[in-house]
Amino acid sequence: MVEDAVKGFYSYLNLQKRFSPHTLEAYQRDLTQFFGFVKKEVSVSEITEISHYHIRSFVSTLMDEGMGAVSVNRKLSAIRSFFKYLLKNGLVQSNPTQKVLAPKKPKKLPVFVDESQTEKIFNETTFDPGFEGIRNRLLLDLLYQTGIRRAELIGLKEGDVDIYNTQLKVLGKRNKERIIPFDQSLKRNLEEYLLVKHNEGYSNPSLLVSMKDKPLSPQQVGSIVKQVLSGVTTSKKKSPHVLRHSFATHLLNNGADINAVKELLGHANLSATQIYTHNTIEKLKKSYNQAHPRSGH
């Protein structure tokens, strides 16, 4: 029964939820670990025998072994999804995960670079005049001006770029599409890059390609971003996501509506966007401490 239920669940995630192969693999790995635990440690072999006590024991064991709250919660999320599926299809009478509390995750503020540092990227960084240099400048510009994720950047096709209306069509998580506007400076960079790309004979439909006319790999994108950010910031973190964080933080710092930022980032929930308001609040505190007569500055 367990194997049949698991196969049905994977089929549901693949065909109906349209999860990516990477996500499916993660779910499979997490559930395999969980079922291995309940079979070996608590001697449970049937799905209907699994209770919230067994799931709590699994979570506690992972925490005792030193696993972080983020990783544990990911595994718990897979188990929750599985039992929701079972309940929906009448394979169990109740969902035992409803009585299991997720470990609290430590609050980490997003790492971003200051506006003055991002200005240095585009005004002071020297990019090679050839194809690679033009591409690398565009890559940085796309990440910072649109806030897209690395995977979304790699997935961009030439057909997703609407030069006339200055907007991008982006395929985000769960295959959800969104439209992101861009300004005239990015438009000019896109036009220059596409002209050079076509003149040099690159024909791959992906927007950003390597010298071998293949889509850039995640490692290549990360390396390009790290190299450029190393010239403007001393922060240890120099990933593409830093530019996404910078995009959101700078928008909010300059008065953008948080719901608009949520849509631009492709967040499903507003809570995911609210982490960026902390940086805005810190800026307000700094202004207050510098200007208020009773602030004690």
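The values are calculated or read from the model by the stated rules, or taken from the named source; none is laboratory data. As the structure is a computational prediction, the values presented were derived from the model and not from experiment. Glycine gets a Cβ as well: all are built from the backbone with ideal geometry, and neighbour counts include every protein chain shown.
The residues listed here are 158, 152; of these, the one that is touching a helix residue (DSSP H, G or I) at 6+ places or on another chain (Cβ under 8 Å) and closer than 26 Å to residue 178 by Cα is 158.
Just one of the listed residues (130, 90, 172, 147) is on the phi < 0 side of the Ramachandran plot and either out of contact with any Asp or Glu (no Cβ under 7 Å at 6 or more places or on another chain) or surrounded by fewer than 15 Cβ atoms within 10 Å (Cβ to Cβ) (or both), and it is 130.
Any chance region 34-48 includes a residue that's surrounded by fewer than 16 Cβ atoms within 10 Å (Cβ to Cβ), among the polar types (S, T, N, Q) and under 30 Å from residue 151 (Cα atoms)? Scanning region 34-48 turns up no residue that is surrounded by fewer than 16 Cβ atoms within 10 Å (Cβ to Cβ), among the polar types (S, T, N, Q) and under 30 Å from residue 151 (Cα atoms).
Just one of the listed residues (229, 195) is hydrophobic (A, V, I, L, M, F, W, C), out of contact with any helix residue (DSSP H, G or I) (no Cβ under 8 Å at 6 or more places or on another chain) and assigned by TED's automatic domain parsing to the domain that holds residue 123, and it is 195.
Under the condition of being within 14 Å of residue 78 (Cα to Cα) and surrounded by 11 or more Cβ atoms within 10 Å (Cβ to Cβ), the residues counted in region 15-33 number 13.
Selection within region 63-87: residues that are over 14 Å from residue 102 (Cα atoms) and part of a loop (DSSP other than H, G, I, E, B). The member of this set that is farthest from the chain's Cα centre (by Cα) is 65.
The set of residues in region 146-172 that are under 23 Å from residue 252 (Cα atoms) and either at pLDDT below 95 or hydroxyl-bearing (Ser, Thr, Tyr) (or both) comprises 146, 166, 172. Scanning region 95-117 for residues that are of a type in the set (Lys, Arg) and part of a loop (DSSP other than H, G, I, E, B) yields 104, 105, 107, 108. Determine if region 241-253 includes at least one residue that is charged (D, E, K, R), closer than 22 Å to residue 118 by Cα, surrounded by 19 or more Cβ atoms within 10 Å (Cβ to Cβ) and at pLDDT 95 or above. Looking through region 241-253, at least one residue is charged (D, E, K, R), closer than 22 Å to residue 118 by Cα, surrounded by 19 or more Cβ atoms within 10 Å (Cβ to Cβ) and at pLDDT 95 or above. Filtering region 183-197 to residues that are free of Cβ contacts under 8 Å to residues at least 40 places away in the same chain and either surrounded by 14 or more Cβ atoms within 10 Å (Cβ to Cβ) or touching a Phe, Trp or Tyr at 6+ places or on another chain (Cβ under 9 Å) (or both) leaves 187, 194. Out of the residues in region 93-106 meeting the condition of being crowded, with 16+ Cβ neighbours inside 10 Å and within 27 Å of the chain's Cα centre (by Cα), tell me which one is farthest from residue 31 (Cα to Cα). Going through the qualifying residues, I end up with 103. Per the conditions (1) assigned to a helix (DSSP H, G or I); (2) exposed (fewer than 13 other Cβ atoms within 10 Å of the Cβ); (3) touching a residue at least 12 places away in the same chain (Cβ under 8 Å), the sole criterion not satisfied by residue 60 is (3).
The one condition from (1) under 25 Å from the mean Cα position of the chain (by Cα); (2) more than 30 Å from residue 189 (Cβ to Cβ); (3) buried (at least 18 other Cβ atoms within 10 Å of the Cβ) that residue 109 does not meet is (3).
Do you know which residues across region 1-55 are aliphatic (A, V, I, L, M) and part of a helix (DSSP H, G or I)? Matches in region 1-55: 2, 5, 6, 13, 15, 24, 26, 31, 38, 47, 55.
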